[in-house]
Amino acid sequence: MRAASGGLPDPMPKTAGVSRRNHFQKQFVSDNLTNSETEDQRYPWVHPDQAAPKRIWRVPMPAENRLEYNDAHPFSGTLHMNDEAIPHDAPSDSKADTPTLRAFALLEYLVAANAPVSLADMAHDIRMPKASLHRMLGSLEAGGLVIREPGQKNAYVIGPRLAQLSLGVMMQSGARRMRHAILGRLVADLGETCNLTMLHDTEVLYLDRMEAPWPLRLDLKPGSHVPAHSSASGKLLLAMMPREPRAALLRAMTLQRFTPNTLTDPELLESELDRIAHKGIAVDNEEFMLGIACVAAPVLREDGTCIAAVAVHAPVSRTSLSKAMEFVPRLQEAARELAQTF
């Protein structure tokens with residue numbers, strides 16, 4: 001606030017009709033002008049004879065730059081992420097640029113990165129001041145939506161709360177009915193139990209599962225977890241990861257032995273994952289449970305990213321591993337159908 005000659009703030013004018021609030025709003029505007037700006041240049045809508053607006057935009061966004069949200073370019077509607085909140089009476093095409101959507105777009109950016117991202121890299125990619133970005137990340141971190149990567153200064157990844165939210169959406173989305181129908185057709189064709197899984201931390205999460213009409217069954221309902229290193233789907237999902245994140249994940253895993261066939265040596269497991277990545281198919285040769293064999297195929301996005309795995313498993317007394325390998329073409333067909341539901 002500007003100081004009067006005695007070093008004190010300018011006294012509030014006693015002119016009738018000028019409220020205390022309007023006086024201090026206009027005082028704030030004057031105090032924050034640069035040396036080369038006049039009040040009329042920077043805030044043309046604030047007139048000395050008019051009441052100050054309820055909210056002041058820091059920099060009004062040109063109408064041609066206000067874009068609706070585009071899922072191919074998450075920040076297309078957040079070109080000015082460091083601006084003040086948009087007033088309630090702002091043009092409708094600015095509604096895509098709000099603090100909530102800016103934070104959401106930042107979370108989408110971190111999810112797409114698939115690796116820790118430093119504050120400097122984020123500021124460069126998003127074209128946002130570090131100070132503003134740091135405040136936003138601080139709020140998201142306090143809410144458990146992002147966390148700092150251990151051992152890396154100012155590098156962020158998605159947090160446990162966001163991961164749990166994504167799993168809940170995946171488990172309860174309308175697309176689940178479509179996936180269940182695809183699995184149903186697959187079970188009808190193969191005559192064995194089939195499942196759809198994703199990687200969750202160091203385990204495999206069952207998104208859906210369709211039992212074959214046989215008396216011998218495994219109690220693995222949707223939402224169940226099994227260790228990734230001892231299952232066909234888990235090994236496949238690990239194998240399809242980029243090498244560095246995969247190596248970091250393997251270091252964090254406990255390679256517990258479940259059967260004599262379980263791979264518990266990190267080097268042997270790495271070699272197995274390399275072979276799986278090359279073939280695009282993974283098997284569980286009684287590695288998680290004696291007497292059960294499994295074959296898994298990847299569910300791929302158009303860009304080749306593996307997002308899930310579809311698998312068939314059966315008792316070896318009824319379906320040997322070699323016979324289960326004959327199911328691969330049908331598994332791959334189902335995987336292409338399932339990819340359309342993500």
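Key figures
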item: Any hit, segment 212-231, residues being assigned to a strand (DSSP E or B), free of Cβ contacts under 8 Å to residues at least 40 places away in the same chain and under 21 Å from N285 (Cα atoms); result: yes
item: Answer from G223, G234, G191 - the residue that is assigned by the TED database to the domain that holds R336 and over 21 Å from E333 (Cα atoms); result: G223
item: Residue selected from segment 91-149 under the condition in a loop (DSSP other than H, G, I, E, B), open to solvent by less than 80 Å² (accessible area, probe 1.4 Å) and over 30 Å from R243 (Cβ atoms), by the criterion modelled with the lowest pLDDT; result: P91
item: Unique match (being out of contact with any Lys or Arg (no Cβ under 8 Å at 6 or more places or on another chain) and part of a helix (DSSP H, G or I)) among L250, L238; result: L250
item: Qualifying residues in segment 284-341 (those that are of a type in the set (K, R) and modelled with pLDDT of 95 or more) - the one least open to solvent (accessible area, probe 1.4 Å); result: R330
item: Subset tally (residues that are of a type in the set (D, E, K, R) and without any contact (Cβ under 8 Å) to a residue 24 or more places away in the chain) for segment 303-335; result: 4
item: Test: L263 is aliphatic (A, V, I, L, M), surrounded by fewer than 18 Cβ atoms within 10 Å (Cβ to Cβ) and either part of a loop (DSSP other than H, G, I, E, B) or touching a residue at least 60 places away in the same chain (Cβ under 8 Å) (or both); result: no
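The values are calculated or read from the model by the stated rules, or taken from the named source; none is laboratory data. Worth saying up front: this structure is predicted, and the values here are computed from it rather than measured. With ideal geometry, Cβ positions are generated from the backbone for all residues, glycine too; neighbour counts draw on all protein chains shown. Areas reflect the complete protein model, heavy atoms only, side chains present, ligands, DNA and RNA absent. Shrake-Rupley method; radii C 1.70, N 1.55, O 1.52, S 1.80 Å.
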